[in-house]
Amino acid sequence: ELDHFQNEIHFKNISFSFGEKKVINRVDLKIKRGNKVAIVGESGSGKTTLINLLNRFYDVESGEILIDGINIKKISKQSLRNSIGLVTQEPILFNDTVNNNISLGREKHNFDEIISAAKISNAHDFILKLKEKYNTNIGDSGGKLSGGQKQRISIARAFYKNPDIYIFDDCLSAVDSITERKIIKNLNKLSSKTTSIIVSHRILSLVKCDNILVFDDGKIIEEGTHSELLKNKGFYFKIYTNQSHK
C-alpha cells in the first residue's frame, strides 16, 4: 500500500508500444517530491502515454516505474491512484450536483473545503451564478455547462482530493489563458511537499515550473528550466517564440 509519496518518481529506462509503433522509447526520468514539472510537445509525441503508464492504465513493456524505489506493479492500484489527482483533457462528470461532482471519491464531505477547491480552480464565481449554486444539477456529462466550466469542476475535484501528486493532462486547453495562469499560480502555491506534472500544448503558463521536459517521438529531447531551454535555442525555443507572438 502506498500511504504517502516520500521521495521520488523514477521512470527507469521505460519503453511502450501500441502495436508496432513505439510510443515511449527508453525514457529515463526522475521527478523529486515537491517538484512542479511540465511536459510539452506536439500531439502524438508520447506525453499522455507517459502519464497513463504512471497511473497503470497500461504497463510498461521494458524498464520500470518506481515510486520511492518500489516498482508500481507491486503497489495496489487503489492506493496508487488514491495518491494521484488526475485531470484529463476530456472532463469526466456525472448527472448530479456541482457539490457531488467536486466531492466525488471522498467518503466525508466538507463544504468549506469544496468551496476552497472551487476557488483555487477559478470555478467558485460561475457556480454562484447557477440557479441553485452548488446544489445545481449539471446534467449528463455536465451537459448544462460550457467546456471551460466543466473543466474547472474537474480541476476543483482534484484540488478537493488533496493528493500527493497532481497530474494535469492537457486539461487546461478548454479554459481561457487568464484562468489557466490563475490555476497554475494556485497550483504552485500548494505545499512544497506536493508534486505536480502538467502536460500542455500551451507553454506560456509553464515558465515557472521547476523542470520542463520536451517530448518528441516518444523521447525526451530537451530538459531544463524555462531560461535554460531558451538559451539552447532548440525545439522549445521555437515553440515558445511561436506561441508568444500569437
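The values are calculated or read from the model by the stated rules, or taken from the named source; none is laboratory data. In this text, all values refer to a predicted model and were calculated from it rather than measured experimentally. Counting neighbours? That spans all protein chains shown, and the Cβs are built from the backbone with ideal geometry, glycine included. Areas reflect the complete protein model, heavy atoms only, side chains present, ligands, DNA and RNA absent. Shrake-Rupley method; radii C 1.70, N 1.55, O 1.52, S 1.80 Å.
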Inset, instruction - Collect the residues in region 133-146 that are touching a residue at least 24 places away in the same chain (Cβ under 8 Å) and open to solvent by 40 Å² or more (accessible area, probe 1.4 Å), keeping them in residue-number order. - result: K133, N135, N137, D140, S141
Inset, instruction - Might you check whether a residue that is in contact with a helix residue (DSSP H, G or I) (Cβ under 6 Å, 6 or more places away or on another chain) and more than 28 Å from F237 (Cβ to Cβ) occurs anywhere in region 64-71? - result: yes
Inset, instruction - Kindly check whether there is at least one residue in region 36-50 that is out of contact with any strand residue (DSSP E or B) (no Cβ under 8 Å at 6 or more places or on another chain) and not acidic (D, E). - result: yes
Inset, instruction - Could you please tell me which pairs satisfy a Cβ distance under 6 Å, a separation of 6+ or placement on different chains, a first residue in region 201-213 that is of a type in the set (D, E), and a second residue that is assigned to a loop (DSSP other than H, G, I, E, B)? - result: D210/N35
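The rows are residues; the columns are (1) assigned to a strand (DSSP E or B); (2) within 18 Å of the chain's Cα centre (by Cα); (3) farther than 20 Å from D216 by Cβ.
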position	(1), (2), (3)
S17	yes, no, no
K22	yes, no, no
D28	yes, no, no
I31	yes, yes, no
I39	yes, yes, no
S45	no, yes, no
T49	no, yes, no
R56	no, yes, yes
E64	yes, no, yes
Legend entry - Given (1) open to solvent by less than 70 Å² (accessible area, probe 1.4 Å); (2) of a type in the set (S, T, N, Q); (3) not in a strand (DSSP E or B), number of the condition N13 does not satisfy: (3)
Inset, instruction - Restricting attention to region 213-239, report how many residues are of a type outside the set (D, E, K, R), open to solvent by 30 Å² or more (accessible area, probe 1.4 Å) and touching a helix residue (DSSP H, G or I) at 6+ places or on another chain (Cβ under 7 Å). - result: 3
Inset, instruction - Filter region 91-132 for residues that are open to solvent by 100 Å² or more (accessible area, probe 1.4 Å) and either of a type in the set (K, R) or within 23 Å of I178 (Cα to Cα) (or both) and give the result. - result: K108, K119, D125, K129, K131
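For every residue, the table says whether it meets (1) under 24 Å from T225 (Cβ atoms); (2) of a type in the set (G, A, S); (3) surrounded by fewer than 18 Cβ atoms within 10 Å (Cβ to Cβ).
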site: V27; (1), (2), (3): yes, no, no
site: I31; (1), (2), (3): yes, no, no
site: V60; (1), (2), (3): no, no, no
site: I72; (1), (2), (3): no, no, no
site: S76; (1), (2), (3): no, yes, yes
Inset, instruction - Select from region 178-203 the residues that are buried (at least 20 other Cβ atoms within 10 Å of the Cβ) and among the small types (G, A, S) and list them in ascending order. - result: S196, S200
Inset, instruction - List the number of the failed condition for G85; all other conditions in (1) at pLDDT 90 or above; (2) small (G, A, S); (3) in a helix (DSSP H, G or I) hold. - result: (3)
